[in-house]
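Let me begin by presenting the structure, written as structure tokens, before commenting on it.
The values are calculated or read from the model by the stated rules, or taken from the named source; none is laboratory data. Fair warning: this is a prediction, and the values are worked out from it, not measured in the lab. Here the Cβ is made from the backbone with ideal geometry for all residues, glycine too, and neighbour counts use every protein chain on show. With ligands, DNA and RNA removed, areas are computed over all heavy atoms of the protein, side chains included. Shrake-Rupley method; radii C 1.70, N 1.55, O 1.52, S 1.80 Å.
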Amino acid sequence: NEINLISVSAICYWHGLDRIIHSLSNFYKKPQSLIVKLIIVGPLNAEAKKLQELVSSLGIAEHITFTGSLSGEKLNNVYNKSHIGIGSLGRHRSGIYQLSSLKNREYCAKGLPMIYSENDIDFDNMDFTYKVLADENIFDLLDIINWYQKSNFKFFEIVKYAQNFTWDKQILEVLKNLEN
């Protein structure tokens, strides 16, 4: 009865967390039988304070938690309760549309399906990713929830895919390109 979204970041404007917050607010404008929560992990910096004010003004504070920065076992405990990773939703704000985000690779290594907006050649066509448009519009959270609930994500398959991003595999790719 509950889906937990997680964002782990330095909490910057280009992460576009305001977009998921507005989408969550829009989701709760109608009565819901499903509880969707957003956990934001990162420093309580100036951008986080703006987001906290936004959450308060939208009246959805009961659905969003700001944990502050976490690491180690505390971070793993939050990951273990999470269902979907929230990647960058606003890189277009800094003029970046193509990106190999470390955040996406981290979610993959944790076995989480993810949402993001940039073009990422390693993830764009994977069934465990959901891309939203790289613009300023809110998106349909219910559509994302339906995607998540109808999918049969295999945790171990997502984690196995993350093996493509180990240092050994990446260095081999660099060496292959240098040979060519």
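Miscellaneous remarks
- Mean residue ellipticity, 222 nm, helices only, the chain: the sum of -39500 (n - 2.57) across DSSP H runs of n ≥ 4, divided by residue count and rounded to 500, is -12000 deg cm²/dmol.
- Residue pairs, from the table Lys49/Lys154; Lys29/Lys110; Lys74/Lys131; Lys81/Lys131; Lys131/Lys160; Lys131/Lys169, whose Cα atoms sit over 24 Å apart: Lys49/Lys154; Lys29/Lys110; Lys74/Lys131; Lys131/Lys169
- Of the solvent-accessible surface of the chain, computed with a 1.4 Å probe over protein heavy atoms with every protein chain present, carbon and sulfur atoms account for 52 percent.
- Accessible-area order (highest first, 1.4 angstrom probe) of the listed residues Glu173, Glu106, Glu47: Glu173, Glu106, Glu47
- Charged neighbours of Lys110, selected by a Cβ distance under 15 Å, balance to +3 (K, R count +1; D, E count -1).
- Lys/Arg +1, Asp/Glu -1 at C-beta; the chain dipole; positive extreme among Gln52, Gln149, Ala162: Gln52
- The chain, relative contact order in percent, only Cα pairs under 8 angstrom and at least six apart counted: 23 percent
- In a reduced charge model with +1 at each Lys and Arg Cβ and -1 at each Asp and Glu Cβ, the chain shows a dipole moment near 360 debye about its Cα centre.
- Count Lys and Arg as plus one, Asp and Glu as minus one, and take only other residues whose Cβ is under 13 Å from that of Ile144; the net charge is then +1.
- Highest-MSF residue in the chain out of Gly59, Gly87, Gly111 [GNM, Cα springs under 10 Å]: Gly59
- Rounded to the nearest Hz, the phi-derived 3J(HN,Hα) couplings of segment 46-52 under the Karplus curve 6.51 cos²θ - 1.76 cosθ + 1.60 (θ = phi - 60°) are 4, 5, 4, 4, 4, 5, 4, where x marks glycine and proline.
- In terms of its Cα atoms, the chain spans 57, 35, 33 Å along the principal axes, sorted from long to short.
- Measuring with a 1.4 angstrom probe and ignoring ligands and nucleic acids, His22 comes out at about 70 Å² accessible.
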